[in-house]
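Right, one structure below, let's go through it.
The values are calculated or read from the model by the stated rules, or taken from the named source; none is laboratory data. Everything numeric here is computed off the predicted structure, so don't read it as measured data. No Cβ is skipped: glycine too gets one built from the backbone with ideal geometry, and neighbour counts run over all protein chains shown.
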Amino acid sequence: MLVRRPNLKRSGILSRLVWRRDMHRVVLENMRRQIVQQLEYFASLCTREGRSYLTPCSSWDAINRDLNHRGCVLWRSQSAGSHELATGESGVEGETDPSGNNGGPGQLATLDIPGAKYERKLPVHNLDRLLGEHHMATLMKTPLFKDNPLLVLGRRRTIPLQLSLWKLQGYLAE
């Protein structure tokens with residue numbers, strides 16, 4: 001895109017541009033930081049103002065009932081010894097995570113919602129894998145994420161965040 005601008009060609013800036021060797025880490029860190037900031041913002045709106053952008057669910061089956069605005073599912077591993085949400089009859093399609101995240105959803109896992117008119121398949125995002133340890137520790141300071149390993153992100157206002165999560169998932173895909 002820079003090459004198409006005639007004033008940049010003449011300025012000589014193109015010959016001085018340098019791509020950093022660690023640019024992939026910089027981009028990944030920036031995406032993770034922005035997603036955590038947005039998740040914290042929506043969590044604060046939910047706790048302070050009673051909004052329903054992030055809906056906690058007790059099980060995978062609870063996602064199927066009584067949720068009008070579904071966008072994607074956010075999953076994180078629970079503490080050791082408690083894996084009811086990760087395995088069992090969850091209705092989650094796709095492979096389990098080969099990296100060993102407690103049998104959690106894989107890279108491109110989806111959740112089928114039977115009988116739904118819209119949003120019949122929801123993407124399932126494994127937050128442990130997407131955000132990494134440092135950013136998960138930051139997110140775990142938020143009570144909504146600390147207390148609930150399974151959340152549904154929904155409503156129109158969260159669409160840019162959902163797209164960012166999907167972009168990060170594609171960036172980390174193997």
Of the residues in segment 14-64, those that are closer than 30 Å to Pro114 by Cβ, out of contact with any strand residue (DSSP E or B) (no Cβ under 7 Å at 6 or more places or on another chain), among the small types (Gly, Ala, Ser) and assigned to a helix (DSSP H, G or I) number 1
Within segment 165-172, can one find any residue that is surrounded by fewer than 17 Cβ atoms within 10 Å (Cβ to Cβ), among the hydroxyl-bearing types (Ser, Thr, Tyr) and touching a helix residue (DSSP H, G or I) at 6+ places or on another chain (Cβ under 9 Å)? yes
The condition of being at pLDDT 75 or above, in contact with a Pro (Cβ under 8 Å, 6 or more places away or on another chain) and over 20 Å from Glu174 (Cβ atoms) holds, among Gln34, Gln78, only for Gln78
